[in-house]
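Please treat every number below as a calculation from the coordinates, not as lab data. Keep in mind that what you see is a predicted model, and the values were worked out from it rather than measured. Please note: Cβ atoms are built from the backbone with ideal geometry, for glycine as well, and neighbour counts cover all protein chains shown.
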Amino acid sequence: MRADLLTDAVDGLDEALAAVDGFDDALVDGLLRPQPRQAAGLTGLADALAASPLAARVAEAAEKTAAGVAGEDHFTALAGARTALLGSVHDALSARVAEVVGRPVAPEREAVPGGGGDDALGVNLLGAARGWLCDLARVGWRGMDHETVAGAAPVVSAMLSDPALRRLATLLDGFAAELAASCPGATLERVPVRRWADLWTRGMLLTLPGAARLTPVTEVSGRLLPLGVDVQEHATAVQAQVHAVFEPADGTASRLVRASVSAPKPDTVVGAGLWQVLRPRMSLLGALGEGRAMELDAMPVTAEGDLLWDDARARAGESADAFVTARVALPAASGCVTAPLDRHPARIAVPVLLEGYGVQEDEDGLAFLVAGERLAVDADRVPAAGPLTPEAVAGSAACLGLLRWDAGEFRLQPLAVERTVRKKPVAVHAGAWAGGTADKAGARAEKAATDAVTVLRERAGKLLRK
């Protein structure tokens, strides 16, 4: 692993991010009557795209918006410009990561137009969603109120009945709920500028018919070797994404893949209890907790490496130690390609294995010293749903994790570590409790969650009977 490359500057990176920040700041106070500082942010975005095929369209959009006379097409052009700029940042950082890990890169595949929004009703719904997002841009995050935010409700309700529009509907629903919880914007002490601009931009582009392009889905058979699981939790939803190496049965090159499962949950189910709402939906979690491989038979997979999991097409295989997989199979596995709309620095999550590092703890947090270079460790991403803790990470001798880019630097999200206990290596995995556990702490958490889920099911049953 070329750790020295993690701290080397990437040409043009700071300038590209500065242009994005300028536009994002302009959204804070709204684009109805832009002030000189906001106009400068719009001009900076246009200047950053001056050498691209979007130059003329973005320049016109920036000029019209700065004058306060922008229409939907102009806002769409600005959203496209911002996405293109962050996409270039993603590509530059991904190329740097490829140099760091030294793995083969997967070939890109041509996308095909996605469905949804092609009929008259779909076009009208997409237009209504775009109109709401444009209204948000005009009032800005500081100017939004409950009335403005509530404009999304009827659009989302109408979209949810169409599976092809559900992706956009889900985004708008979550975005509107987040905004509503922060209304009125004028009283906010802190605005999540980058996050809300990301959601707004993605929503704008998804309102264009055909924007949600699909990559070909193929069926694969072979052996799946899990590496670890990334758990993402919110008050009412949870997702587990398993990262793994797939070895095709036909002997072709191995590749990195992901398998995700998500579920709604009550806010009282936390910690190890999360596995109770996820476990019944994907057998892979049981295999992960038991340290087993899985044999896949005609499992659908996208070009981006996302398995469309079907329990009927998978069965548990032999024992497979994640650290053995990381040492033997991971170096030869090709990486995943990224869909055009997903090209964003936050999407970078590359499995890596680190060994022979030093540990540094100071006011800046936990970090590993790899070949003399400092690599920040994102201990806050370690889930409470497993036995892995920041203390275990700090006392580790080997770490299997995801290399990410956040807050202007590369950071490591631990998935599992090896520690030396009584002169023997002991592995601690974030997903060790995914399939159930006899561990005392995990068992107590499972029991507490079981009690909470049982009570909620009983109450739900009574309501339904009434």
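Structure values in brief
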read-out: 243, 234 arranged by Cβ crowding within 10 Å, fewest neighbours leading; value: 234, 243
read-out: Sparse-neighbour loop sites [GluC sites (Glu not before Pro); the range 320-365; at most 14 other C-beta within 10 Å; DSSP]; value: 363
read-out: For 429, 90, order by how many other beta-carbon atoms lie within 10 Å, fewest first; value: 90, 429
read-out: Within the range 1-44, backbone nitrogen closer than 18 Å to the virtual label 7 Å beyond the Cα of residue 374 toward Cβ; value: 3-10
read-out: Placed amide H near residue 306: partners under 5 Å, 5+ positions off or other chain; value: 258
read-out: The chain: DSSP helices with Cα axial extent of at least 30 Å and average Kyte-Doolittle hydropathy no lower than -0.5; value: 72-101, 120-143, 440-465
read-out: Over 38 Å [Cα-Cα, the chain], rounded percent; value: 30
read-out: Built amide H within the under 5 Å cut-off of residue 405, gap 5+; value: 348, 411
read-out: Spin-label model distance (nm) - residue 164 vs residue 252, 7 Å beyond Cα toward Cβ; value: 2.9
read-out: Gain in span if fully extended, residue 10 to residue 334, counting 0.36 nm per residue against the direct Cα distance; value: 114.3 nm
read-out: Spin-label pair residue 441/residue 98, simplified geometry with 7 Å Cα→Cβ offset, distance in nm; value: 4.0
read-out: Loop-located GluC sites (Glu not before Pro) in the range 145-203 whose Cβ has at most 12 other Cβ within 10 Å (DSSP); value: 189
read-out: Helical contribution to [θ] at 222 nm, DSSP H n ≥ 4, -39,500 (n - 2.57), averaged over the chain, rounded to 500; value: -13000 deg cm²/dmol
read-out: Length released on extending from residue 420 to residue 63, taking residue separation times 0.36 nm less the Cα-Cα span; value: 122.3 nm
read-out: Förster-model FRET efficiency, 41 Å R0, residue 187 and residue 355, C-beta, rounded to 0.05; value: 0.25
read-out: Residues in the range 426-442 reached by a label modelled at residue 448 [backbone nitrogen below 11 Å; 7 Å Cα→Cβ]; value: 441-442
read-out: Estimated vicinal HN-Hα couplings, Hz - the range 237-245 in sequence order (Karplus 6.51, -1.76, 1.60; Gly, Pro = x); value: 7, 9, 9, 10, 10, 8, 9, 8, 9
read-out: 12 Å reach of a label modelled at residue 267, 7 Å along Cα-to-Cβ, counting backbone N of the range 170-207; value: 181
read-out: C-alpha center-to-center spacing [the range 49-109, the range 174-223] in angstrom; value: 16
read-out: Proxy reagent accessibility, fewest Cβ within 10 Å first, across 319, 283; value: 319, 283
